[in-house]
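J.: After the structure tokens below, expect a handful of questions from me.
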Amino acid sequence: MKVDYNYKIYTPEQYAVSMAKIAIEKYLNSFPKEEIDNIKVADISCGSGNLLLAILEELLKISKEIYGEYRYKKSWITGFDIDETALELFEKRAKSLFIEYKIEGELNIKRCDSLCEAMEEKYDIVLGNPPYLGEKNHKEIFQNIKETNFGKKYYQPKMDYFYFFIEKGIDILKENGILVYLTTNYWLKADGAENLRGKLKKEGEFFRIENYTYSIFKNAKGQHNVIFSWIKSGDEKIIEIIEDENRYSIYQDNIFTKEHNKIVLIPPVWKESIDSIRDRGNFNLGDLVNVNQGIVSGADKVFVFKEYDEKFKDYLKPFYKNRDIGKYSVTEVPPFWIMYLNGKMELSSTTFDYLDEFKQLLSKRREVVHERINWWELQWARDEEIFIKPKIVVRQRCKTNNFAYTEREFYGSADIYYLTGKTPDINLFYLLGYLNSEAFFYWFNYIGKKKGKNLEFYSTPLKESPIYYPKDESELLYIEGLVKKQLENYQEEIQKEIDSYFNNKLGINIKRLTQK
Ligand SMILES: C[S@@+](CC[C@H](N)C(=O)[O-])C[C@H]1O[C@@H](n2cnc3c(N)ncnc32)[C@H](O)[C@@H]1O
């Protein structure tokens, strides 16, 4: 079948066909082929029908196997969409398909807002690639749905609009019905998806998860997708996982974390070690350090200077970019200077005159509009202590765990995170050794936060990371000594010593894990 991809957001054909095949194959595990006569498939955001046409073709092929000719039943597929034009295109495409297969037929489609539509019918299969929208920029859409009983039941702050389509999809499935959805994958761990994950956990089981570290949409780079297949009240024990080139199976019970029902995909060979890190960790990082994000000026072109300017000397502070952070150490010479202004400061007349030129622009910033700061302050100056005290710094997003230590003034933007000891006796060198270790990388890679191939060192996953922090001072000093050597001059050999200390303490058998 030739597919017309006028709409960039629609499911690419290869994925639509694969999703249709997964659903049908699962259905045929429980029913004889002849049962396809009674099958009912729905897509509640069907667009121009990519998913439904793909499954329709599969059904037609099966009908030929059974009857020796292509047969079609109108009850097979039902599509709902809010967009009239998309549905018209769906009809046209279905017509060409009917001609191609020499069958008579018409479609079961309805133009409506699927989330507000009362749907009595129950389906064997629900396929979907729902619309992705955040509440922040689509308040009105969310408001409409929040006023309905359905919306009241499922709304959760920080959720995405597409969660509703999964929840509705589940509600309209028959017992043992199959759901195959294509979405972005951040809901697997996102805070706002806790209710959604709870529902998926309570009402059924996953049987296949394809998790991508890239976007499968040519026109939506930067997102990362997942195709998940789930059965309502099934008796599935094993989930097939496909992650890029890795394929493995895991137990259903092993994918949800105890806290927040987050979905974590850990290859079986890693499971024991990850559990061991959790068990042997005697603190969470958040017990030992404060984790803070860097500055948001709200107008970098006003506050950030390429050159040091003597006339603003009382306010200019060394300002670094996240690229200035390496493993253990940071760039020495600041590439920029920031005019650091918080509410506690008095402005010199020269500084006031300089800023006054930008008063209009600066006054439009959100925090000024809400009268939370003076018009001349940085929007989020943070507690200045975090830039001055001895600290560990890390890029917000990084392919690997590169944490650095500095005692210098190190001001930076919101894409830098700052870790400072909760009490003065916390050994930051020891913590740095752990944060840069192999063990911590593996923990964060599987359980922490990840977007595509990047680790995301945000506050919550950092604070929730377990750490083994010894009572025995000599252990702290042992790692401190090694870390100090790394700070002076990084050496692979020393890193191996640090890695092996933490692997031992946390019960990780790297040799076994890396054996092919
Ligand atoms: C990402 S497209 C996917 C279309 C199709 N399922 C596919 O895979 O190609 C999402 C579709 O959701 C539809 N949509 C958005 N809000 C909707 C709503 N409240 N009710 C029904 N459809 C909606 C859009 O019109 C669009 O066609």
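Taken together, the values in this text are just the output of simple stated rules run on the coordinates, not laboratory data. These numbers come from a predicted model, not from an experiment. Here Cβ is always computed from backbone atoms with ideal geometry, including for glycine, and neighbour counts include all displayed protein chains.
J.: At a 10 angstrom cut-off on C-beta neighbours, averaged per residue, how do the peptides 52-61, 390-399 rank from highest to lowest?
T.: Sorting 52-61, 390-399 by mean packing, highest first, produces 52-61, 390-399.
J.: Now for a different question. Given a Förster radius of 41 Å and the C-beta distance between GLU332 and LYS364 as r, what FRET efficiency does 1/(1 + (r/R0)^6) yield to the nearest 0.05?
T.: Result of the calculation: an efficiency of 0.65.
J.: Any idea how far apart ARG408 and LYS301 come out in nm if each label point goes 7 Å out from Cα toward Cβ?
T.: 2.9
J.: Kindly work out what percent of the DSSP beta bridges joining two residues of the chain are antiparallel, to the nearest 5.
T.: 70
J.: Express in nm, to one decimal, how much length is gained between LYS21 and TYR248 on full extension, taking 0.36 nm for each residue of separation and deducting their alpha carbon distance.
T.: Between LYS21 and TYR248, full extension yields an extra 79.7 nm.
J.: What is the percent of Cα-Cα separations in the range 13-265 that go past 30 Å?
T.: Across the range 13-265, Cα pairs with separations above 30 Å total 25 percent.
J.: Run the simple label-point estimate for LEU477 and ASP383 please: 7 Å along Cα→C-beta, distance reported in nm.
T.: Reported label-point gap for LEU477 and ASP383 is 3.1 nm.
J.: Can you compute the FRET efficiency between TYR214 and SER349 using 1/(1 + (r/R0)^6), with r the Cβ-Cβ distance and R0 = 41 Å? Round to the nearest 0.05.
T.: Rounded to the nearest 0.05, the efficiency is 0.15.
J.: Give the order of GLU480, GLU493 when sorted by the count of other beta carbons within 10 angstrom, beginning with the fewest.
T.: In order of increasing Cβ crowding within 10 Å: GLU493, GLU480.
J.: Express in nm, to one decimal, how much length is gained between GLU240 and THR460 on full extension, taking 0.36 nm for each residue of separation and deducting their alpha carbon distance.
T.: Length difference between fully extended and current span is 76.3 nm.
J.: Follow-up question, since we're still on this one. Out of residues 5 or more away from VAL289 or on other chains, whose amide H comes under 5 Å of its own, with H placed 1.01 Å from N in the peptide plane?
T.: Placed amide hydrogens put LYS422 under 5 Å from VAL289.
J.: State the three equivalent ellipsoid semi-axes of the chain, derived from the C-alpha gyration tensor as the square roots of 5 times its eigenvalues, in descending order and whole Å.
T.: Taking √(5λ) for each Cα gyration eigenvalue gives 50, 31, 18 Å.
J.: Per residue of the range 451-459, in order, report the coupling 6.51 cos²θ - 1.76 cosθ + 1.60 (Karplus, θ = phi - 60°) as ³J(HN,Hα) in whole Hz, putting x for Gly and Pro.
T.: 10, x, 8, 8, 7, 10, 8, 8, 4
J.: In addition: If R0 is 56 Å, what FRET efficiency do you get for SER96 and THR400 from their C-beta distance, rounded to 0.05?
T.: Rounded to the nearest 0.05, the efficiency is 0.65.
J.: With a/c under 1.5 counting as rounded, go ahead and sort the range 182-326 into rounded, prolate or oblate using the C-alpha gyration tensor (a ≥ b ≥ c being the square roots of the eigenvalues; past the cut-off, prolate if a/b is larger than b/c, else oblate).
T.: prolate
J.: Is the range 436-499 rounded, prolate or oblate when judged by the Cα gyration tensor, a ≥ b ≥ c being the square roots of its eigenvalues, rounded requiring a/c under 1.5 and prolate requiring a/b larger than b/c?
T.: Oblate is the answer for the range 436-499, as a/c is 1.5 or above yet b/c matches or exceeds a/b.
J.: Please enumerate, by chain and number, the aspartates and glutamates with C-alpha under 20 Å from the C-alpha of LYS391, excluding those fewer than 8 residues away in the same chain.
T.: ASP287, ASP324, GLU332, ASP383, GLU407, GLU409, ASP415, ASP425, GLU456, GLU464, GLU480, GLU488
J.: Rounded to whole Hz and in sequence order, give me ³J(HN,Hα) for the range 11-16 from the Karplus expression 6.51 cos²θ - 1.76 cosθ + 1.60, θ = phi - 60°, writing x for Gly and Pro.
T.: Working through the residues one at a time gives 5, x, 4, 4, 6, 4 Hz.
J.: A further question follows. Each label point is 7 Å from the Cα along the Cα-to-Cβ direction; what then is the distance between the points at PHE312 and ASN38, in nm?
T.: A separation of 7.5 nm, rounded to one decimal place.
J.: Could you pull out every residue, at least 5 positions away or on a different chain, whose amide H is within less than 5 Å of the one on ALA42? Hs are placed 1.01 Å off N in the peptide plane, and Pro or chain starts have none.
T.: Distant-sequence amide H within range of ALA42: THR78, ILE125, VAL126, LEU127.
J.: Which entries of LYS73/LYS110; LYS317/LYS344; LYS258/LYS422; LYS136/LYS158; LYS271/LYS449; LYS74/LYS122 show an alpha-carbon separation above 19 angstrom in the structure shown?
T.: LYS258/LYS422
J.: Moving to a separate point now. Using Cα pairs under 8 angstrom and six or more residues apart, how large is the relative contact order of the range 436-496, in percent?
T.: Across the range 436-496, relative contact order equals 21 percent.
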